[in-house]
Amino acid sequence: MQVGAGWGSVFVKGIFASWLITLAVWQANAAQDAVGKVVVILLTKSAFAALNLEHCVANMFIIPLAIYFGADINARQFVWFSLVPSTFGNYLGGAVFVASFYALIYGRTPVLCGHFLAQRLKLTQKRCADAAHQT
């Protein structure tokens, strides 16, 4: 967790961090027994720590702790160079890459946009059916 790293670097590390954390949650949920859940969580969390990835929730604990113990970091550096890019990267990695991929695989639309897409698809199907009947 570095405040001095570039914005793009923290953003990309945030994507991979959230990808690993989200996969840990999904796979632990899919595991049939406690041993499987523990193994999945340990492997993904260990990879997260070993790769020194950026997660906004972890940064909200570690960086203020470093500030408390005397690190030369101000609030602007913390928010702009750590929290904002890691949060955007976390959103992209977890919500877009993992959740959308699972939704695509299992044939379900994400909950937040599901109603909107369902309405659009119904309208499109109705227009196609009407066009087919007219010809």
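The values are calculated or read from the model by the stated rules, or taken from the named source; none is laboratory data. Worth saying up front: this structure is predicted, and the values here are computed from it rather than measured. Virtual Cβ from ideal backbone geometry, glycine too; neighbours counted across all protein chains shown.
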Given (1) among the small types (Gly, Ala, Ser); (2) buried (at least 16 other Cβ atoms within 10 Å of the Cβ); (3) under 25 Å from residue 29 (Cα atoms), number of the condition residue 95 does not satisfy: (2)
Elements of type helices (runs of 4 or more DSSP H) in segment 1-68, at least 1 residues being in contact with a strand residue (DSSP E or B) (Cβ under 9 Å, 6 or more places away or on another chain), charged (D, E, K, R) and at pLDDT below 90: none
